[in-house]
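Report on the following structure.
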Amino acid sequence: MNRILVTMGIFVTALSVGGCASLAEGVGRAVFSQLEGDPEVDTRACEIQGAPFDGILSALQAQDGQGLIGDTPASERSLVKVMIVHGIGSHHPGYSGRTVANLTTALGLNVVSPQIKSIELTDADFPGESIGTLTAQRFTDETRVRELLVYELTWSRISDQARANLRFDNSQTHARNRAPLNQLGKTFVNDVLVDPLVYAGVGREKILSAMRQAICWAYSTDWDQFPSAPIACGQGDPGYGSRLTIDEFFFVTHSLGSRIVLDALETTAERLYAPLDPDAKTLPFLANLQNHRVTVFMLANQLPLLQAGFAPVPVTGQIANYCTPGGSLYERRIVSQTRVIAFSDPNDLLSYPIPDDFVQYGIDSRLCPVVVNASLNIARVSRLLARDGFANPLVAHTAYNDDARVIGLMTGGLGRAETPPVVTERCSWVRAEEALR
């Protein structure tokens, strides 16, 4: 029996290398369910290193005193917006349901709009094509004072043709001599490994266009203004970037989605800078973006791994010049600060912390990055298969959104009054200075 479990454990470990798709998740959870430790005794490690940061709850609290939703014009209310971006593997709208449910429950937002708004994203660079789906949901508390808009970007259709090109390998013509478990693994690999290749190659600009369009709609509209038709968001719109100075924004990303968000912010700024004289006054959108703070919660962070396969970022090693007031390049920054909270499980085969030297060479200096590393054991460690312990790598990669400490850090932040006990009592914290390096 143990030999069978070991074999299946190795198999599902290999599957977990593929990333985030759900094909093997059921198999993996079934195989490993008996390998988890005692659920009544939670000894999982949690180590955090970085500066304090605000969570989503702090932004919601700032809405108190703004008046009731519907009674106060949207232009006078600060909205809180969360953009969720998936990683590799085929996804369909609604994939973020579990994450959204856990976040809104923790935030006390138990009233949801009956309507889920959805648009097919378009871009002038790809006329006649749908490059992704953007959905929006509205959550409030019972007093209708606090309001959260949750956006979900689904971009994986851009890789669907590449996936389709590999389907021949799943047919009996080529798979008839494969062992059943190996066939399941090959099908899984054929589904998920195409995405980073597509992003590094022919699909990069289309994926970035989808991300930029999603960001543009979030930065430019409130709930009532969210479009109902597939039109492109851009510089000609009267409300272009109008919410940048009003609303609070958070991104929740998984694996490859983290890199897509950072690249989209970088290329948005480059497109706005391109037609400008270096000494000319910047466009209002760009000026507002430069005073904007971005928070990115990166689940199963993979930035160091992904950088190994991509071209170097355009600007490195100059954070002080771009991000310090009075710095020689301060007027050319993209945002005022990008707070990166990188979640990783040491037992996740594809999850990495972000060391300080990577911040210098692997993240664009113009994003003014400040990184917090949260190293957590998401998966419990069992000693059933190994004397020194074994953790389910599939759970370690996919279950961040079900972990109370992760949800607590996203909602309550770190080193704040809102930080929940599940973080303060179960996580050790090495505090870094809050000042930008």
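The number of residues in the range 214-224 being in a loop (DSSP other than H, G, I, E, B) and in contact (Cβ under 8 Å) with a residue 40 or more places away in the chain comes to 3. Can L305 be described as under 29 Å from G234 (Cα atoms) and outside any loop (DSSP other than H, G, I, E, B)? No. With the structure loaded, tell me whether V422 is in contact with a helix residue (DSSP H, G or I) (Cβ under 8 Å, 6 or more places away or on another chain), of a type in the set (A, V, I, L, M) and at pLDDT 95 or above or whether it fails that test. When the stated conditions are applied, V422 passes them.
Cβ-Cβ contacts under 9 Å between residues 6 or more apart (or on different chains), taken from a first residue in the range 403-416 that is within 15 Å of S428 (Cα to Cα) to a second residue that is in a helix (DSSP H, G or I) and at pLDDT below 95, are listed as V406/Y400.
Within the range 351-363, being within 23 Å of N291 (Cα to Cα) and buried (at least 22 other Cβ atoms within 10 Å of the Cβ) holds for one residue alone: I363.
Taking each residue of the range 179-190 that is farther than 17 Å from I88 by Cα and looking for partners that are modelled with pLDDT of 70 or more with beta-carbon atoms closer than 6 Å, six or more apart or interchain, yields Q183/A175. Contact map, the range 365-381: first residue over 27 Å from D402 (Cα atoms) and touching a residue at least 40 places away in the same chain (Cβ under 8 Å), second residue part of a loop (DSSP other than H, G, I, E, B) and basic (K, R), Cβ cut-off under 7 Å, separation 6 or more or different chains; pairs are R366/R333; C368/R333. Any residue at all in the range 55-69 that is more than 22 Å from the chain's Cα centre (by Cα), without any contact (Cβ under 8 Å) to a residue 40 or more places away in the chain and in a strand (DSSP E or B)? Scanning the range 55-69 turns up no residue that is more than 22 Å from the chain's Cα centre (by Cα), without any contact (Cβ under 8 Å) to a residue 40 or more places away in the chain and in a strand (DSSP E or B).
Test E248 against the criterion of being closer than 15 Å to L121 by Cα, among the acidic types (D, E) and either buried (at least 21 other Cβ atoms within 10 Å of the Cβ) or modelled with pLDDT of 90 or more (or both), and give yes or no. Spelling it out, it is not the case that E248 is closer than 15 Å to L121 by Cα, among the acidic types (D, E) and either buried (at least 21 other Cβ atoms within 10 Å of the Cβ) or modelled with pLDDT of 90 or more (or both). Restricting the range 305-334 to residues that are closer than 23 Å to L272 by Cβ and crowded, with 20+ Cβ neighbours inside 10 Å leaves a set whose member that is nearest to the chain's Cα centre (by Cα) is I334. On the stretch given as the range 55-93, residues that are in contact with a Cys (Cβ under 6 Å, 6 or more places away or on another chain) and on the phi > 0 side of the Ramachandran plot total 1. Considering only the range 218-261, state which residues are of a type in the set (D, E, K, R) and farther than 17 Å from L134 by Cβ. Hits for the range 218-261 are E248, R259.
Evaluating V423 against the criteria (1) over 15 Å from V296 (Cβ atoms); (2) under 19 Å from the mean Cα position of the chain (by Cα) leaves one unmet condition, (2).
The values are calculated or read from the model by the stated rules, or taken from the named source; none is laboratory data. Nothing here was measured: the structure is a model prediction, and the numbers come from that model. Note that we place each Cβ from the backbone using ideal geometry, even for glycine, and neighbour counts take in every protein chain shown.
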